[in-house]
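Asks: Can you keep this structure in mind? I'll have questions shortly.
The values are calculated or read from the model by the stated rules, or taken from the named source; none is laboratory data. Note that this is a predicted model, so its numbers are computed, not measured. As a convention, Cβ positions derive from the backbone with ideal geometry for all residues, glycine included, and neighbour counts pool all protein chains shown. What goes into the accessible areas is simple: the full protein's heavy atoms, side chains included, and nothing from ligands, DNA or RNA. Shrake-Rupley method; radii C 1.70, N 1.55, O 1.52, S 1.80 Å.
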Amino acid sequence: MTREELKAAAVSMLDRAYCPYSHFPVGAALECSDGTVYTGCNIENAAFSPTLCAERTAVAKAVSEGHTDFVRIAVAGRSDDFCVPCAVCRQVLREFAPEIEVICLNSRGEELALPLSALLPHSFGPEFLSHDPA
Ligand code: THU
């Protein structure tokens, strides 16, 4: 899938967003190293806290299908602002792909692309748990 196709896949997920509370749709398209793409949308909940962001929906779909080797993710919103991932989504992406390219889109289709390490510097990851604490 080309970069433009990945971005279009994220934009197309805006129509699937379930966001009756915020009215802020988000779409995501997550590309794996073998080219497989998993899409996601935000899924809100009346109890608010259980809300799933679009990025984490895509990650859950990918991991549950056996894919953890991620190379880029496109995130789309309908705002003038670039749709940057929230801190929780940054941390979830960091677990699997510390250097994943994050392509943030605005409503005009313009992009802000950054490596995750720029969005989440000095991050905590699985390797921290493999050190002997003694
Ligand atoms: N949202 C996402 O889907 N991804 C983000 O990284 C930021 C926030 C969603 C959650 C909620 O449904 C709506 O946007 C407003 O916060």
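Asks: Within region 19-39, take every residue that is within 8 Å of the ligand (Cβ to nearest atom) and not hydrophobic (A, V, I, L, M, F, W, C) and give me the one that is surrounded by the most Cβ atoms within 10 Å (Cβ to Cβ).
Replies: This residue is Pro25.
Asks: Still on this model: Just one of Val88, Val102 is modelled with pLDDT of 95 or more, out of contact with any Phe, Trp or Tyr (no Cβ under 8 Å at 6 or more places or on another chain) and loosely packed, with under 15 Cβ neighbours inside 10 Å; which is it?
Replies: None of the others qualify; the one that does is Val88.
Asks: Quick check on Arg78: is it open to solvent by 40 Å² or more (accessible area, probe 1.4 Å), under 19 Å from Ala17 (Cα atoms) and more than 10 Å from the ligand (Cβ to nearest atom)?
Replies: yes
Asks: Being open to solvent by 80 Å² or more (accessible area, probe 1.4 Å) and closer than 17 Å to Ala8 by Cα: is that true of Arg108 here?
Replies: The answer is yes for Arg108.
Asks: Identify all residues within region 58-75 that are within 21 Å of Glu4 (Cα to Cα) and more than 8 Å from the ligand (Cβ to nearest atom); write none if there are none.
Replies: Ala58, Val59, Ala62, Asp69, Phe70, Val71, Arg72, Ile73, Ala74
Each row is one residue, and each column tells you yes or no for (1) touching a Ser or Thr at 6+ places or on another chain (Cβ under 6 Å); (2) in contact (Cβ under 8 Å) with a residue 40 or more places away in the chain.
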residue	(1), (2)
Val71	yes, yes
Gly77	no, yes
Asp81	no, no
Val88	no, no
Gln91	no, no
Glu101	no, no
Glu111	no, yes
Ser117	no, no
Leu120	no, no
